[in-house]
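I'd like to ask some things about the structure below.
The values are calculated or read from the model by the stated rules, or taken from the named source; none is laboratory data. Owing to the predicted nature of the structure, the values given are computational and were not obtained by experimental measurement. Here the Cβ is made from the backbone with ideal geometry for all residues, glycine too, and neighbour counts use every protein chain on show.
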Amino acid sequence: MEYMGIEPGRIHFSWISSAEATKFVDVVNEVTSTVKALGPRKSFVKTPLTTAKNKAA
Amino acid sequence: MLSYNEKIRHIAKKILAEGKVEIVIGYRRGTLPMINEPCFIKHPEDVTRLIWDRHCGINLTNYLTQRKERIGIIAKGCDSRNIITHIIENKIKREQLVIIGVPCKGMIDRHKIASQFEEEIQKVKEDGDKIVVTGGGIEKIWKLSDVLQENCIICTHRNPVIYDELVAEPVAEQKDVNRYEDIRRIERLSPAEKAEFFDDLLASCIRCYACRNVCPLCYCDTCFVDGSQPQWVGKSQDPTDIRTFHFLRAFHCAGRCTDCGSCERACPMGIKVRTLTKKLEKDCLELFNWEAGIDLEQRPPLTTYNPNDPDDTFR
Ligand code: SF4
Ligand code: SF4
């Protein structure tokens, strides 16, 4: 995924057991903070037709 | 390589006449120069239609999927590796096949020649280590090594890895090949540069799906790009849809692609499709020490679990 231009930190993989509540919280916090730090993604984003039309109008 | 012709016809005739196979799949001359076509021979007297030259780049394994009869098939090094993959994936049985192995010295890249020849190409002739191209009143000569397919230049399995008949002595395998230089160059780019690189790479894609159709790995009855319920990927020419198609197709080939180059050869737009599949091929080699289609007994890495599998991406 990184090879095709997705920044490191945007995609996360984890294996969390249903008993690992603290790990779950940690992972979610880490995911949200790293993704927030990266900001909205600019490429590989499809412009929905409706918005494109609204803009043109 | 031209001398293989007689031997191929001889073997094909023999196995058909002896009833060992019902059909032989090989190559015949296409209607355009540099594009040989697959050819299905059922009668011994028709074997003269079979040919062999430097334009037999298409991977014939593609025509084996789920066939029921006994088949003779012509296989270069890469084709033979896809035949192994096909057998492992239960798409054909080993017992059904008589594999006519062809030691290969590389196929000519039709895109390279066409892009450097202004007129319509009428004839392409191999002459020692030269390639003579004529058309529209002009003639151009290339060194063979300058117009080979990219995957052939870096090939390390020129000899068939599995065969029943071999049409000639094995050729020397290429050693010390720098297989992944182009991939490493892309890996070193920043995320934004990478995104831009793939934008450019795929910009001219017309979504004809020739790259998929020609690939022996793409045998699903309904490909994810064709399905509409659910629709996995948009059908438009939007760059995001085009990229989704290409990235997903590449992932479907992970651990299976032999870098036979058929996809790149087939693309009418000359897109270097292998840039994606080769990255996964490299990863499979580096992470799992795996090369597809070498061993009938070994399970592919994505179908096995090993406690030592690398898991750096997991937390
Ligand atoms: S993805 Fe391309 S190089 Fe790989 S097996 Fe398919 S046609 Fe060959
Ligand atoms: S063969 Fe080329 S143009 Fe056609 S879908 Fe594949 S990459 Fe796109």
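Which numbered condition trips up B:R265, out of (1) surrounded by fewer than 24 Cβ atoms within 10 Å (Cβ to Cβ); (2) within 10 Å of ligand 2 (Cβ to nearest atom); (3) under 14 Å from the mean Cα position of the chain (by Cα)?
Single failed check for B:R265: (1).
From the set of residues in the range B:208-225 that are over 13 Å from B:F245 (Cβ atoms), away from ligand 1 (no atom under 11 Å from the Cβ) and of a type outside the set (D, E), which is surrounded by the fewest Cβ atoms within 10 Å (Cβ to Cβ)?
Within the range B:208-225, the match that is surrounded by the fewest Cβ atoms within 10 Å (Cβ to Cβ) is B:T222.
Going by the conditions given, is B:N213 away from every other protein chain (no Cβ under 14 Å) and assigned to a helix (DSSP H, G or I)?
So B:N213 passes the test.
Any idea which residue in the range B:177-207 is farthest from the other protein chains (Cβ to nearest Cβ), counting only those that are farther than 21 Å from B:D241 by Cβ and touching a Lys or Arg at 6+ places or on another chain (Cβ under 7 Å)?
B:Y180
Hey, does the range B:42-56 have a residue that's within 16 Å of ligand 1 (Cβ to nearest atom), closer than 24 Å to B:L148 by Cβ and not basic (K, R)?
Checked the range B:42-56: at least one residue is within 16 Å of ligand 1 (Cβ to nearest atom), closer than 24 Å to B:L148 by Cβ and not basic (K, R).
Counting only residues that are closer than 20 Å to B:H252 by Cβ and aliphatic (A, V, I, L, M), which one in the range B:187-234 is nearest to ligand 2 (Cβ to nearest atom)?
This residue is B:A210.
When the residues of the range B:7-54 are narrowed to those that are under 22 Å from the mean Cα position of the chain (by Cα) and of a type in the set (G, A, S), which ends up modelled with the lowest pLDDT?
The residue in question is B:G30.
Of all the residues that make up the range A:6-39, how many are assigned to a helix (DSSP H, G or I) and touching a residue at least 24 places away in the same chain (Cβ under 8 Å)?
The number of residues fulfilling the criteria is 4.
If B:N308 passes every condition in (1) of a type in the set (S, T, N, Q); (2) without any contact (Cβ under 8 Å) to a residue 24 or more places away in the chain; (3) within 14 Å of another protein chain (Cβ to nearest Cβ) but one, which one does it miss?
Just one mismatch for B:N308, condition (3).
Output the qualifying pairs, or none if there are none: Cβ atoms under 7 angstrom, residues six or more apart or on different chains, first residue in the range B:256-283 and within 14 Å of another protein chain (Cβ to nearest Cβ) and more than 8 Å from ligand 1 (Cβ to nearest atom), second residue aromatic (F, W, Y) and not in a helix (DSSP H, G or I).
Pairs that qualify, where the first residue is within 14 Å of another protein chain (Cβ to nearest Cβ) and more than 8 Å from ligand 1 (Cβ to nearest atom) and the partner is aromatic (F, W, Y) and not in a helix (DSSP H, G or I), are B:K282/B:Y180.
Still on this structure: Spot the failing condition for B:I242; the list is (1) within 11 Å of ligand 2 (Cβ to nearest atom); (2) of a type in the set (A, V, I, L, M, F, W, C); (3) assigned to a loop (DSSP other than H, G, I, E, B), and only one is missed.
That leaves (3) as the condition not met.
Do you know which of the residues in the range A:1-38 that are out of contact with any helix residue (DSSP H, G or I) (no Cβ under 7 Å at 6 or more places or on another chain) and of a type in the set (S, T, N, Q) is farthest from the other protein chains (Cβ to nearest Cβ)?
Among residues in the range A:1-38 that are out of contact with any helix residue (DSSP H, G or I) (no Cβ under 7 Å at 6 or more places or on another chain) and of a type in the set (S, T, N, Q), the one farthest from the other protein chains (Cβ to nearest Cβ) is A:S18.
So is B:L285 modelled with pLDDT of 90 or more and away from ligand 2 (no atom under 16 Å from the Cβ) or not?
Yes: the conditions hold for B:L285.
Please work out which one of (1) part of a loop (DSSP other than H, G, I, E, B); (2) within 12 Å of chain A (Cβ to nearest Cβ); (3) hydroxyl-bearing (S, T, Y) is the condition B:S228 fails and give its number.
(2)
Which condition breaks for B:A250 when tested against (1) within 10 Å of ligand 1 (Cβ to nearest atom); (2) of a type in the set (G, A, S); (3) assigned to a loop (DSSP other than H, G, I, E, B)?
(3)
Here is a list of conditions, (1) in a helix (DSSP H, G or I); (2) in contact with a Lys or Arg (Cβ under 7 Å, 6 or more places away or on another chain); (3) modelled with pLDDT under 95, and B:E126 meets all of them except one; can you say which number that is?
That leaves (1) as the condition not met.
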